[in-house]
Amino acid sequence: MMGIVWLVLTLVLWGILHSLMASLAFKETFKRLAGPFMNRFYRLFYNAFSVFTLIGVLAVAAGTPDQRLYTLPFPWSAAFILLEVLGVLALGHSFMQTNIWEFIGLKQLEGPIEKTAEEQYLEPEPHKLVTSGLYGYIRHPLYSAGLVIIWLVPVMTEHLLVIDIALTLYIFIGATFEERKLRREFGQSYLDYSAVTPMFIPFTKWNKTPRKSSV
């Protein structure tokens, strides 16, 4: 029982730190204190911090007593593994559609030689709304693929269940904030897109009438 408690506490701490660093207030403070040039490293640092702290959470899970809840028999186990492989492929395809290097934080480190670091910071490259490929079926294929990967494991333990629930909640919360950001960034174009494209599950959007912007 104490293992579950410690795991929950570390997951809550991870979520708080991750959310804090993703907030606009934290980013603006970092920009002000670190300056335009160092701000180019923020995305890379943010991703590295998230990965290493999540490894710490997994270390807590591995270092405390756990209990198996179920093991799927064949052929269900094989089917789940196949779906997880498809989830990994969908994740990779979605990354490629949305510029994986920018997501990682490496693209931000480059820029035209004729522009100074401050000019690149003040005049960032505009983003393009992606609606093709997997994004033509769901608005957040990265999140959907992640949910498939974490939930369709053929062996489930107490610790893994707690981690999956926490990550699922975080994905839904993150998607909600991302939706707000995309509506601000793309306005009516994103409202039209979201009116006919489901959020997570393909072929579940029956409303085909675009909404008018209230942004």
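Coordinate-derived values only; no laboratory data. Bear in mind the structure is a predicted one, so any value in this text is a computation, not a measurement. Positions of Cβ are backbone-derived with ideal geometry, glycine not excepted, and every protein chain shown enters the neighbour counts.
With the largest listed first and rounded to whole Å, the semi-axes of the equivalent ellipsoid of the chain from the Cα gyration tensor are 33, 25, 16. In terms of its C-alpha gyration tensor, the stretch 1-111 comes out oblate, because a/c is 1.5 or above while a/b does not outweigh b/c. Around the amide H of residue 157, modelled in the peptide plane, lie the amide H atoms of 69, all under 5 Å away and 5 or more residues distant in sequence or on another chain.
Exposed loop sites here are trypsin sites (Lys or Arg not before Pro) assigned a DSSP state other than H, G, I, E or B and surrounded by at most 14 other beta carbons within 10 Å; excluding them, the longest clear run of the chain is 1-114. Which of rounded, prolate or oblate describes the stretch 43-100 when judged by the alpha-carbon gyration tensor and an a/c cut-off of 1.5? Oblate is the answer for the stretch 43-100, as a/c is 1.5 or above yet b/c matches or exceeds a/b. Considering only 88, 36, 49, the residue lying farthest towards the positive end of the dipole of the stretch 30-106 is 36, judged by Cα position with unit charges set on Cβ. The distance linking the stretch 55-80 with the stretch 1-38 is 26 Å (Cα centroid to Cα centroid, whole angstrom). In the stretch 4-51, the alpha-carbon atoms span a convex hull of 63 Å³ per residue. The lysine pair count for the chain, using Cα distances under 28 Å and pairs eight or more places apart or on different chains, is 20.
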